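Here's the structure we're looking at; comments come further down.
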DNA sequence: ACCTGAACACCGTTCAAGT
DNA sequence: ACCTGAACACCGTTCAAGT
């Protein structure tokens, strides 16, 4: 056969990633397969390997797009320029909102595991760092007197904490442990941590 | 053929779970398959379905055993009866230690996802609650004047936080964001949260 | 009753062959 | 050059057939 030149390589990549995102949004990362992706876009399975090294490569590129959307959501939340005292809360709220509304896409960021011998591409790590930098930056504004090492550590602790709240709240396996809504748990974490952090200057 | 009565049903279950634990410890949950399990124990694949409903059932039972070991590790850490002010830290430390030394087994607790329409068995939820209750109980001893609702919320926030620190520290994808060792991040979270919590009585 | 082994419907990946 | 489709080595699950 050969549907030659019906799509450029770039277009083929784009529609593959779009199909992958739809499949993940609908059925989770477990509902994604190379054969399902090509079935969605009307190609046969071999074609996928023209534009992706393998399925891991496709998933990583999909996840990078998710990281981009997450970053945009966080930036959008900061668009009203809240004072430093509110910015951290605004960021956390936006993160929770993203995880809650895009649950399967957000979960795919963490469910996907690399083969033990391989490492994430730099482009992925940079996108993670960029998001993380947002927290660090606003935490530094809140506590200008603290060392950059203190701020780094606090940003990491806070962000890990908010992430953990999301994870345990969205995992149906573990929601059993009390009926506190996610936002309330995150609020408690933030309020008490920040109270402790600013008072220990 | 038929290796009849060479093992009782209970023995077959036990050696299957042991083989599964070895496979997961060595290669992660992704390295586990029904066919590999039976290859380890010298049976053919059909036999597995005599003692497990399906592979999810086997994984859940394996994870329940991991939860039992985690509970034992936490109890062992409390065996020296630390004062309430130290008990929470002792528990967090033991949790980190478990995640660090049994990484693949600990990860399997969270990597495994149920089919969307199914729910975890009660025995699993109870084991989760039992572990969680340990935190809640020692937090209540630390702050006897707080309402049980306050303590529940704080226990959940703290535990989620510690969990998030583990997750992001052990995930090679995300370790990029700063070279702070896991224990230090967890210490920061605990110290500042508890400082905020006890002072907001 | 216990266990096998073939069968079925999937999966990721490769690659000779066709246009 | 682009794309197919068959092939290979896997996978979970079922079940008739053997002992």
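The values are calculated or read from the model by the stated rules, or taken from the named source; none is laboratory data. In this text, all values refer to a predicted model and were calculated from it rather than measured experimentally. For neighbour counting, all protein chains shown are included, and Cβ atoms are generated from backbone atoms with ideal geometry for every residue, glycine included.
The table below lists the values:
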{"read-out": "Residues being in a helix (DSSP H, G or I) and more than 8 Å from chain B (Cβ to nearest Cβ) - total across region A:112-126", "value": "3"}
{"read-out": "Residue tally, condition farther than 28 Å from residue A:101 by Cα and either in a loop (DSSP other than H, G, I, E, B) or touching a residue at least 12 places away in the same chain (Cβ under 8 Å) (or both), over region A:1-26", "value": "9"}
{"read-out": "Any hit, region A:127-149, residues being part of a helix (DSSP H, G or I), under 20 Å from residue B:128 (Cβ atoms) and modelled with pLDDT under 95", "value": "no"}
{"read-out": "Any hit, region A:47-54, residues being away from DNA strand D (no atom under 13 Å from the Cβ), under 27 Å from residue A:122 (Cβ atoms) and within 14 Å of chain B (Cβ to nearest Cβ)", "value": "no"}
{"read-out": "Where residue A:173 falls short, out of the listed (1) surrounded by fewer than 17 Cβ atoms within 10 Å (Cβ to Cβ); (2) over 21 Å from residue A:70 (Cα atoms)", "value": "(1)"}
{"read-out": "Contacts under 7 angstrom Cβ, first residue in region B:27-46 being more than 19 Å from residue B:104 (Cβ to Cβ), partner away from DNA strand C (no atom under 12 Å from the Cβ) and assigned to a helix (DSSP H, G or I), 6 or more apart", "value": "B:41/B:19"}
{"read-out": "Where residue B:82 falls short, out of the listed (1) part of a helix (DSSP H, G or I); (2) within 19 Å of residue B:133 (Cα to Cα)", "value": "(1)"}
{"read-out": "Qualifying residue in region B:158-166 (condition: closer than 25 Å to residue A:64 by Cβ, touching a residue at least 12 places away in the same chain (Cβ under 8 Å) and within 9 Å of chain A (Cβ to nearest Cβ))", "value": "yes"}
{"read-out": "Failed condition for residue A:197, given (1) more than 7 Å from chain B (Cβ to nearest Cβ); (2) under 18 Å from residue B:187 (Cα atoms)", "value": "(1)"}
{"read-out": "Sole residue being more than 12 Å from chain B (Cβ to nearest Cβ) and over 30 Å from residue B:126 (Cα atoms), chosen from A:100, A:142, A:153", "value": "A:142"}
{"read-out": "Extreme residue, nearest to DNA strand D (Cβ to nearest atom), among residues of region A:23-44 that are more than 14 Å from chain B (Cβ to nearest Cβ) and exposed (fewer than 14 other Cβ atoms within 10 Å of the Cβ)", "value": "A:44"}
{"read-out": "Answer residue from region B:179-190, given it is more than 7 Å from chain A (Cβ to nearest Cβ) and closer than 15 Å to residue A:192 by Cα and is surrounded by the most Cβ atoms within 10 Å (Cβ to Cβ) among those", "value": "B:186"}
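This table checks each residue for (1) surrounded by fewer than 14 Cβ atoms within 10 Å (Cβ to Cβ); (2) within 15 Å of DNA strand C (Cβ to nearest atom).
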| site | (1), (2) |
| --- | --- |
| A:8 | yes, no |
| A:17 | no, yes |
| A:46 | yes, yes |
| A:50 | yes, yes |
| A:54 | yes, yes |
| A:64 | no, no |
| A:90 | no, no |
| A:117 | yes, yes |
